[in-house]
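See below for the structure under consideration.
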Amino acid sequence: MQTENPVYEEIEGILRAVELPRVALIEQRIDSPPALTNIRESVREALRAVDLPSGTVAVGVGSRGVARIGEVVAALVEALKESGAEPFVVPAMGSHGASTAEGQARVLAHLGVSEESVGCPVRATMESVRLGETPSGVSVYMDRNAYEADSVVVVNRVKPHTAFRGKVESGPTKMLAIGLGKQRGAHSIHSAGWENIHRTIPEAARVAVGSGKVAFGLATVENADEEPCKIAAIPAHQLEEAEAPLLEEAKRNLARLPFDEIDVLVVDEIGKNISGDGADPNVTGRYPTSAASGGPCVERMVYLGLTEETGGNANGLGMSDVVTERLAGSMDRPATYMNALTSTTPAPVKTPMVMPTDEMAVAAALTMCAGVDYPKARLVRIENTLKLRRIWVSEALLEEVERDERLKVLEEPRAMRFEAGEIFPRSA
């Protein structure tokens with residue numbers, strides 16, 4: 001039972017007695033394809049594989065922090081204009097931007113996709129048109145502005161999804177099925193169940209392609225540094241088949257943690273600009289559904305803060321065991337909860353244990369590792385799940401570091417540092 005005047009004094013006494021493990025800064029060598037040096041020319045080269053449409057063309061663009069997306073869209077728009085088309089951008093998002101037209105336009109602008117930057121209008125609406133249904137009876141929708149255009153082109157990154165496994169996961173096919181469907185369409189697809197979504201998405205995309213509206217998809221593949229290393233234009237009727245090998249390539253490029261067993265994983269920041277789930281489950285091993293798996297076994301996980309770019313959307317915080325008051329206090333609940341309502345997945349938005357400081361959050365996580373000698377705990381600290389070349393590891397992991405030729409120690413072990421309770425330095 002809660003006391004009349006609850007305080008942290010007793011908890012502080014317990015946690016201050018926890019001896020935190022010493023940590024060393026290590027560097028991980030990650031072999032990955034080089035980034036494209038000229039996005040404009042790479043887009044133009046890719047477009048040779050497709051016929052450019054005429055008339056009005058709706059260019060669907062998503063919001064998941066796709067690298068150099070503004071440059072990719074600008075190059076596509078330029079090519080469409082040269083062919084005589086009249087392109088305009090539509091936000092291909094389900095519940096992002098707080099599920100409002102204005103919010104979604106702001107998300108795109110923040111990512112570098114605005115009328116000024118890409119050279120064509122941005123037309124945002126949450127209205128959608130029902131195209132039909134899949135063989136299993138799932139309704140499929142399309143953004144009204146896109147539906148009323150002569151043709152549709154979708155631009156998206158091919159990447160492993162954070163909540164399911166399938167022949168195709170995140171990419172143009174998913175954008176056709178979910179992103180272009182807006183909140184209503186996204187909810188319809190997710191409502192069919194996560195255990196079915198690997199089938200529902202391709203089926204829904206086929207309905208979209210069958211409408212005759214979709215010309216092609218422009219897909220990017222990123223390397224381990226989240227930089228585009230390949231761009232491919234795929235005719236609509238070939239999307240599903242051609243996207244599958246790109247997904248396999250993207251999986252090979254994904255940067256991962258070099259340890260299979262971790263007692264405590266500390267993540268400095270999470271956010272929608274990093275992953276749809278705040279921190280990529282493919283890296284942390286913590287998934288919001290049972291339809292996906294893989295990655296390390298993490299006993300306890302700590303999230304310390306939100307990125308500025310996420311705008312208070314803390315989707316994914318529920319995957320951690322402990323968060324800070326700094327993170328919880330920055331959370332925009334309506335924006336965060338809209339994700340759960342649309343995806344039918346409440347776990348990522350549940351609030352875990354909240355601690356007033358970074359130091360107490362780390363100590364709390366260690367305290368909850370049963371049978372672990374705190375100074376000898378296998379602790380890993382990362383800035384976020386995109387930045388994995390330099391990471392902090394505890395002394396208990398250094399033997400593994402020495403055995404792995406991909407890893408080298410940059411700074412010898414020392415006590416974890418905190419300033420006014422906040423971890424320091426902020427990044428490696």
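What the table shows:
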item: Some residue of segment 79-91 being in the same structural domain as G171 (by TED's automatic domain parsing), out of contact with any Phe, Trp or Tyr (no Cβ under 9 Å at 6 or more places or on another chain), closer than 23 Å to P228 by Cα and assigned to a helix (DSSP H, G or I); result: yes
item: Matching option when the condition is under 25 Å from the mean Cα position of the chain (by Cα), among the hydroxyl-bearing types (S, T, Y) and modelled with pLDDT of 95 or more, among S63, S42; result: S42
item: Residue satisfying condition, being within 18 Å of the chain's Cα centre (by Cα), buried (at least 23 other Cβ atoms within 10 Å of the Cβ) and within 30 Å of N384 (Cα to Cα), within set I189, I178; result: I178
item: Residue within segment 30-46 that is under 13 Å from V153 (Cβ atoms) and either in contact (Cβ under 8 Å) with a residue 40 or more places away in the chain or among the aromatic types (F, W, Y) (or both) present; result: yes
item: Whichever residue in segment 283-304 is surrounded by fewer than 23 Cβ atoms within 10 Å (Cβ to Cβ) and under 15 Å from L386 (Cα atoms) and, among such residues, is nearest to the chain's Cα centre (by Cα); result: G285
item: Selection from segment 229-253 of residues that are in contact (Cβ under 8 Å) with a residue 40 or more places away in the chain and in contact with a helix residue (DSSP H, G or I) (Cβ under 6 Å, 6 or more places away or on another chain); result: I231, A232, A233, I234, L239, E240, E243
item: Residue within segment 234-252 that is among the charged types (D, E, K, R), buried (at least 20 other Cβ atoms within 10 Å of the Cβ) and modelled with pLDDT of 95 or more present; result: yes
item: Candidates K174, K159 - the one that is touching a strand residue (DSSP E or B) at 6+ places or on another chain (Cβ under 6 Å) and within 14 Å of E243 (Cα to Cα); result: K159
item: Pairs, first under 17 Å from I262 (Cα atoms) in segment 389-418, second part of a helix (DSSP H, G or I) and among the aliphatic types (A, V, I, L, M), C-beta under 6 Å, six or more apart; result: L407/V401
item: Criterion: over 15 Å from the mean Cα position of the chain (by Cα), assigned to a strand (DSSP E or B) and not assigned by TED's automatic domain parsing to the domain that holds K376 - qualifying residue of A215, A208; result: A215
item: The one condition in (1) in contact with a helix residue (DSSP H, G or I) (Cβ under 8 Å, 6 or more places away or on another chain); (2) in a loop (DSSP other than H, G, I, E, B) that G60 fails to fulfil; result: (2)
item: Single condition E86 does not satisfy, out of (1) surrounded by 18 or more Cβ atoms within 10 Å (Cβ to Cβ); (2) in contact with a strand residue (DSSP E or B) (Cβ under 6 Å, 6 or more places away or on another chain); (3) without any contact (Cβ under 8 Å) to a residue 40 or more places away in the chain; result: (1)
item: Flag if P348 is assigned by TED's automatic domain parsing to the domain that holds E400 and more than 24 Å from R426 (Cβ to Cβ); result: yes
item: Criterion violated by P288 - all others in (1) touching a strand residue (DSSP E or B) at 6+ places or on another chain (Cβ under 6 Å); (2) in a loop (DSSP other than H, G, I, E, B) satisfied; result: (1)
item: In segment 309-322, the residues that are farther than 20 Å from T357 by Cβ and either under 13 Å from the mean Cα position of the chain (by Cα) or surrounded by fewer than 24 Cβ atoms within 10 Å (Cβ to Cβ) (or both); result: E309, T310, G311, G312, N313, N315, G316, G318
item: Subset of segment 82-112 [more than 18 Å from the chain's Cα centre (by Cα), closer than 17 Å to V154 by Cα and modelled with pLDDT of 90 or more]; result: A85, E86, P87, F88, V89, V90
item: Strands (runs of 3 or more DSSP E) enclosed by segment 326-403 - at least 1 residues per element that are of a type outside the set (A, V, I, L, M, F, W, C) and under 25 Å from V107 (Cβ atoms); result: none
item: Boolean, P258 is in contact with an Asp or Glu (Cβ under 9 Å, 6 or more places away or on another chain) and surrounded by 21 or more Cβ atoms within 10 Å (Cβ to Cβ); result: no
item: Qualifying positions in segment 129-150 - of a type in the set (G, A, S) and either surrounded by fewer than 19 Cβ atoms within 10 Å (Cβ to Cβ) or within 19 Å of P87 (Cα to Cα) (or both); result: G132, S136, G137, A146, A149
item: Tally of residues being on the phi > 0 side of the Ramachandran plot and modelled with pLDDT of 95 or more across segment 279-294; result: 1
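One line per residue, one yes/no per condition, for (1) under 24 Å from A396 (Cβ atoms); (2) acidic (D, E); (3) at pLDDT below 95:
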site	(1), (2), (3)
I274	no, no, yes
G316	no, no, no
V322	yes, no, no
R326	no, no, no
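The values are calculated or read from the model by the stated rules, or taken from the named source; none is laboratory data. Quantities reported herein were computed from a predicted structural model and do not represent experimental measurements. No Cβ is skipped: glycine too gets one built from the backbone with ideal geometry, and neighbour counts run over all protein chains shown.
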